[in-house]
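Read the figures in this text as sums done on the coordinates, not as results from a lab. What you see is a predicted model, and the numbers here were worked out from it, not measured in a lab. Quick reminder, even Gly has a Cβ in these numbers, built from the backbone with ideal geometry, and neighbours come from all protein chains shown.
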């Protein structure tokens, strides 16, 4: 694996986190707390690995990948990217805080935080995958 393979790996990690969060959501709705806990902890670990890989990639390459789309799709992409980046910054605080509340057994506060954390974290994970596809698969810039 080379550093150039990391964007695809990062998209896979984001997708995996989204699947694990979906499972965790279904499990908690079914009141399966043990499965919910396992899924959400796994999502946290996968997202943490993603963050490390993402930072490593950008530290090594300094890459700023240009977007090749034009017209409406360009406007759509940059709107999605801006919201993705802004919300991703909040995830770095929200997820550990929400997890810590659960691990400490403060379930009422955990639930209150999770009502905000879950949709933001989910959006960031899904749009992370979309950013990869927009940049590298669907509308790559001419190289």
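Side notes on the structure shown:
- Stretching the chain fully between residue 85 and residue 4 yields a gain of 27.0 nm (0.36 nm per residue, less the alpha carbon separation).
- Largest-first principal axis extents of the Cα set of the chain (Å): 52, 34, 23
- The calculated 222 nm mean residue ellipticity attributable to helices in the chain amounts to -28000 deg cm²/dmol, summing -39500 (n - 2.57) over DSSP H runs of n ≥ 4 and dividing by all residues.
- Neighbour-count order for 80, 40, fewest beta carbons within 10 angstrom listed first: 80, 40
- Inter-label distance, residue 32 to residue 106: 2.9 nm, where each label sits 7 Å from its Cα along the C-beta direction.
- For the chain, the longest principal axis of the C-alpha atoms and the axis of helix 33-61 are separated by about 30°.
- Measuring r between the beta carbons of residue 116 and residue 59 and using R0 = 30 Å, the FRET efficiency lands at 0.50.
- The fewest-to-most ranking of 58, 110 by surrounding Cβ atoms within 10 Å reads 58, 110.
- Principal-axis tilt of helix 72-103 within the chain, Cα atoms, nearest 10 degrees: 30 degrees
- Percentage relative contact order, region 1-114, counting C-alpha pairs under 8 Å, at least six apart: 22 percent
- Degrees, to the nearest 10: 107-132 long Cα axis against longest axis of the chain: 20 degrees
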